[in-house]
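Enquirer: The structure that follows is given in the form of structure tokens.
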């Protein structure tokens, strides 16, 4: 640091002003080039790495390039599409507000190529707890079946089971509703934290002979640095449901990067779903999904039981 007399403008420029004046501190100008020792240490570090096409060390592949280099998987997955997570029941939770909106959402799903869909109303969630919830779901389910039959969409009843950590793990596993008649159970975690009993509840589902499917894990902040917990969950047989709209970039670059990172990190345990609520901000995005991500689309509910993600077509 230098002591420079004069005005603040000349002091900020690192020059000594003429004439008497006040005293100011000014930082010295950094050298434009690095020192010889810095250059030598950098060259020494590069010497141990394999050279690239121009003699320089190769750069790391971008996340999109890593996904592109993986096997192609299913030959034509868009021929049969299962949307295992969507909210189609009208006036039950945060899905369609009325039956007309529900019919419009069902029609849009069918237009985008979806043949089967599992409607997953929120269950065990303090936010959507209400008296007579089961009766509301039953009435909306009958109406949905009539609407889906008019457009040729096969629908199944499931639930998005919210795991807040307040229930005992065994009680949560007993109360959780599966997807259709299969063994898979959709589990939702809070967006802002990871509950203390989250993994214990998922493992309790496994002990009951069911397969937990973690809903949109890219949204949960508590999972962003917990790759070990995700790896243990996947080893026990769990799946990660990634939202197609996040992969397509419809909800910002941060969600786009986190969802694609999970696909690259755990390709054998991921499956795509729309998590569609309406035709506005949370609309289905199957028509916006790039073709290289089609191999993570499950064709039907039966295949979800033994699903192996992007490597499913390579399993004998």
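The values are calculated or read from the model by the stated rules, or taken from the named source; none is laboratory data. What you are looking at is a predicted structure, and each value in this text was computed from that prediction instead of being measured. Cβ sites come from the backbone with ideal geometry, for glycine too, and all protein chains shown count toward neighbours.
Enquirer: Pull up region 104-149, narrow it to residues that are in a loop (DSSP other than H, G, I, E, B) and either within 22 Å of residue 82 (Cα to Cα) or not assigned by TED's automatic domain parsing to the domain that holds residue 87 (or both), then point me to the one that is nearest to the chain's Cα centre (by Cα).
Expert: If we filter region 104-149 for residues that are in a loop (DSSP other than H, G, I, E, B), which is where we start, we get 112-115, 120-121, 124-125, 129-132.
Those left that are additionally either within 22 Å of residue 82 (Cα to Cα) or not assigned by TED's automatic domain parsing to the domain that holds residue 87 (or both): 112-115, 120-121.
Numbers: 112: 21, 113: 22, 114: 20, 115: 23, 120: 17, 121: 19 Å.
Top of the filtered list is 120.
Enquirer: Let me ask another. Looking at residue 275, is it assigned by TED's automatic domain parsing to the domain that holds residue 196, touching a residue at least 24 places away in the same chain (Cβ under 8 Å) and surrounded by fewer than 20 Cβ atoms within 10 Å (Cβ to Cβ)?
Expert: no
Enquirer: Okay, moving on. Considering only region 200-267, give the helices (runs of 4 or more DSSP H) lying wholly within it that have at least 2 residues that are under 25 Å from residue 182 (Cα atoms) and more than 16 Å from the chain's Cα centre (by Cα).
Expert: 227-235
Enquirer: Out of region 154-176, which residues are touching a strand residue (DSSP E or B) at 6+ places or on another chain (Cβ under 6 Å) and either in contact (Cβ under 8 Å) with a residue 40 or more places away in the chain or more than 24 Å from residue 270 (Cα to Cα) (or both)?
Expert: Scanning region 154-176 gives 155, 156, 158, 160, 162, 176.
Enquirer: Do you know which of the residues in region 115-130 that are in contact with a helix residue (DSSP H, G or I) (Cβ under 7 Å, 6 or more places away or on another chain) and closer than 15 Å to residue 277 by Cβ is surrounded by the fewest Cβ atoms within 10 Å (Cβ to Cβ)?
Expert: Only one residue fits best here, namely 122.
Enquirer: I would also like to ask the following. So, in region 78-103, exactly how many residues are buried (at least 20 other Cβ atoms within 10 Å of the Cβ) and not in a strand (DSSP E or B)?
Expert: Summing the residues that are buried (at least 20 other Cβ atoms within 10 Å of the Cβ) and not in a strand (DSSP E or B) in region 78-103 gives 11.
Enquirer: Which one of the conditions (1) free of Cβ contacts under 8 Å to residues at least 24 places away in the same chain; (2) touching a helix residue (DSSP H, G or I) at 6+ places or on another chain (Cβ under 7 Å) does residue 252 fail to meet, given that it meets all the rest?
Expert: Condition (2) is where residue 252 drops out.
Enquirer: Further, regarding this structure: Could you check residue 196 against (1) in a loop (DSSP other than H, G, I, E, B); (2) closer than 29 Å to residue 134 by Cβ; (3) under 16 Å from the mean Cα position of the chain (by Cα) and say which number it fails?
Expert: (3)
Enquirer: Looking at this structure, is residue 249 on the phi > 0 side of the Ramachandran plot and in contact with a strand residue (DSSP E or B) (Cβ under 6 Å, 6 or more places away or on another chain)?
Expert: Working: on the phi > 0 side of the Ramachandran plot: yes; in contact with a strand residue (DSSP E or B) (Cβ under 6 Å, 6 or more places away or on another chain): no.
Criteria not met by residue 249.
Enquirer: Further question on the same structure: Within region 180-203, take every residue that is under 16 Å from residue 166 (Cβ atoms) and touching a strand residue (DSSP E or B) at 6+ places or on another chain (Cβ under 9 Å) and give me the one that is surrounded by the fewest Cβ atoms within 10 Å (Cβ to Cβ).
Expert: Our first condition is that a residue be under 16 Å from residue 166 (Cβ atoms); within region 180-203, this holds for 187-190, 192-202.
Keeping just the survivors that are touching a strand residue (DSSP E or B) at 6+ places or on another chain (Cβ under 9 Å) gives 187-190, 198, 201-202.
On the way: 187: 25, 188: 25, 189: 24, 190: 17, 198: 25, 201: 24, 202: 25.
Of everything passing the filter in region 180-203, 190 is surrounded by the fewest Cβ atoms within 10 Å (Cβ to Cβ).
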